[in-house]
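Everything below concerns the one structure shown next.
The values are calculated or read from the model by the stated rules, or taken from the named source; none is laboratory data. Keep in mind that what you see is a predicted model, and the values were worked out from it rather than measured. For neighbour counting, all protein chains shown are included, and Cβ atoms are generated from backbone atoms with ideal geometry for every residue, glycine included. These area figures cover heavy atoms from the full protein model, side chains too; ligands, DNA and RNA do not enter into them. Shrake-Rupley method; radii C 1.70, N 1.55, O 1.52, S 1.80 Å.
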Amino acid sequence: MQVNKVLKETKETLFSFELLPPLKGKSIQSIYDGIDPLVEFNPAFINVTYHREEFIYKKREKGYLEKIAIKKRPGTVGICAAIKNRYDIDTVPHLICGGFNKEETENALIDLHFLGINNVLALRGDPIKTETQFVPEEGGHQYAVDLVKQIVELNNGIYMDENIQNATPTNFSIGVAGYPEKHFESPNMQADIKRLKQKIDAGAGYIVTQLFFDNQKYFDFVKACRDAGIDVPIVPGIKPIESLRHITFLPKFFNIDLPEALTNELDKCDSNQDAKQVGMEWAIAQSKELKENGVPCIHYYTMGRSSSVKQIASQVF
Ligand code: FAD
């Protein structure tokens with residue numbers, strides 16, 4: 001099933017979630033252990049993130065430093081196929097511009113097409129740790145909109161090699177990212193929404209938001225998108241706080257704010273367990289309000305842990 005159609009047609013709020021591939025060396029069982037407790041809530045789709053390579057320096061003889069590329073979490077496509085095979089649930093692999101030239105992107109899309117995976121979340125990717133700003137691969141895409149355009153070309157049967165005639169078109173449903181608190185590089189919200197609209201105009205069929213803790217920011221974002229002429233489903237992304245460390249890590253890593261009412265409650269917590277309880281109650285309240293407001297789907301960021309999401313889902317779905 002194509003996620004854009006599922007979201008457009010649904011009469012009730014759907015449940016979906018996102019997983020990270022396990023660290024290299026770990027078994028796929030850790031993925032199944034994350035999914036099994038959530039299957040009873042009938043997920044409409046499961047997203048699997050993509051993690052590009054990082055560079056490390058290893059000391060060699062005579063003090064030389066060798067630059068080595070390592071991928072800590074490979075396996076996105078394989079995991080998507082394994083989930084589909086084992087649970088018969090639709091999967092959405094994340095595909096990023098970073099680290100791919102256009103030919104490699106095309107080949108990755110062909111792999112997905114042959115596996116029967118016809119959903120993609122098209123993203124630019126963040127700068128790698130050793131870069132201060134995003135640098136595209138030589139012959140790769142600078143922005144997510146360019147990736148969306150390439151996927152649309154394949155959906156029209158247009159491959160990079162112009163000698164390929166009468167090619168089989170792919171049928172990808174394309175999702176893109178949106179930011180209720182603005183993307184951190186964007187000069188202002190209106191500029192960011194203008195760029196978001198370009199991704200929709202290029203052929204993306206729905207938006208999944210960055211995580212947020214203040215529903216009003218999501219409602220304002222949806223209104224601003226509608227005012228700008230964006231009419232596709234906008235799926236809110238929810239992440240429960242699960243530890244005291246999250247109080248500083250989440251704002252820093254995702255460029256988002258935690259509302260004062262939430263931090264006041266977290267200030268009273270002495271342990272990770274207390275913080276997790278507060279985080280869960282907050283996410284339940286957020287989810288209930290979003291559902292009452294008729295959002296098409298609530299998408300949960302599990303970050304590899306599903307126990308909080310299970311408890312939230314059991315109260316909401
Ligand atoms: P873009 O849409 O390309 O936007 C990036 C910035 O450029 C924005 O500030 C935008 O306003 C601006 N911009 C866009 N077009 C133009 C233009 N033509 N001219 C000038 N400025 C422009 N990262 C991963 O590495 N792997 C993942 O699996 C992953 N999953 C994600 C899932 C979700 C739901 C979200 C919200 C983010 C995810 N990310 C992931 C992070 C994402 O890659 C980063 O937030 C990245 O910095 C931006 O990606 P984008 O697709 O929004 O980029």
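Some observations on this one:
- Scanning segment 144-198 for residues that are of a type in the set (S, T, N, Q) and open to solvent by 80 Å² or more (accessible area, probe 1.4 Å) yields Asn156, Asn163, Gln165, Asn166, Thr168, Gln190.
- Set Lys252, Lys239, Lys217: member being in contact with a His (Cβ under 9 Å, 6 or more places away or on another chain) and either within 16 Å of the ligand (Cβ to nearest atom) or not acidic (Asp, Glu) (or both): Lys239
- Residue under evaluation Lys291, criteria (1) away from the ligand (no atom under 16 Å from the Cβ); (2) over 19 Å from the mean Cα position of the chain (by Cα); (3) without any contact (Cβ under 8 Å) to a residue 60 or more places away in the chain, criterion not met: (3)
- The single residue among Asp201, Asp220, Asp231 that is part of a loop (DSSP other than H, G, I, E, B), without any contact (Cβ under 8 Å) to a residue 60 or more places away in the chain and open to solvent by 70 Å² or more (accessible area, probe 1.4 Å) turns out to be Asp231.
To keep it simple, each residue is scored yes or no on (1) open to solvent by less than 50 Å² (accessible area, probe 1.4 Å); (2) within 16 Å of the ligand (Cβ to nearest atom); (3) within 15 Å of Val3 (Cβ to Cβ); (4) of a type outside the set (D, E, K, R).
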residue: Thr49; (1), (2), (3), (4): yes, yes, no, yes
residue: Lys59; (1), (2), (3), (4): no, no, no, no
residue: Cys80; (1), (2), (3), (4): yes, yes, yes, yes
residue: Leu95; (1), (2), (3), (4): yes, yes, yes, yes
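- Of all residues assigned to segment 126-140, none qualifies as being near the ligand (Cβ under 10 Å from one of its atoms), over 14 Å from Asn171 (Cα atoms), touching a helix residue (DSSP H, G or I) at 6+ places or on another chain (Cβ under 7 Å) and not in a helix (DSSP H, G or I).
- The lone exception for Ser186 - which of (1) of a type in the set (Ser, Thr, Tyr); (2) touching a residue at least 24 places away in the same chain (Cβ under 8 Å); (3) within 14 Å of the ligand (Cβ to nearest atom) it fails: (2)
- Enumeration of residues in segment 266-280 that are in contact with an Asp or Glu (Cβ under 9 Å, 6 or more places away or on another chain) and buried (at least 17 other Cβ atoms within 10 Å of the Cβ): Leu266, Ala275, Lys276, Val278, Gly279, Met280
- Single residue of Glu106, Glu153, Glu162 found to be more than 28 Å from Lys26 (Cβ to Cβ), in a helix (DSSP H, G or I) and without any contact (Cβ under 8 Å) to a residue 40 or more places away in the chain: Glu153
- Within segment 286-298, the set of residues being outside any loop (DSSP other than H, G, I, E, B) and either in contact with a Pro (Cβ under 7 Å, 6 or more places away or on another chain) or among the charged types (D, E, K, R) (or both) comprises Lys288, Glu289, Leu290, Lys291, Glu292, Ile298.
- For Asp257: the one exception among (1) part of a helix (DSSP H, G or I); (2) in contact with a Pro (Cβ under 8 Å, 6 or more places away or on another chain); (3) surrounded by fewer than 19 Cβ atoms within 10 Å (Cβ to Cβ): (1)
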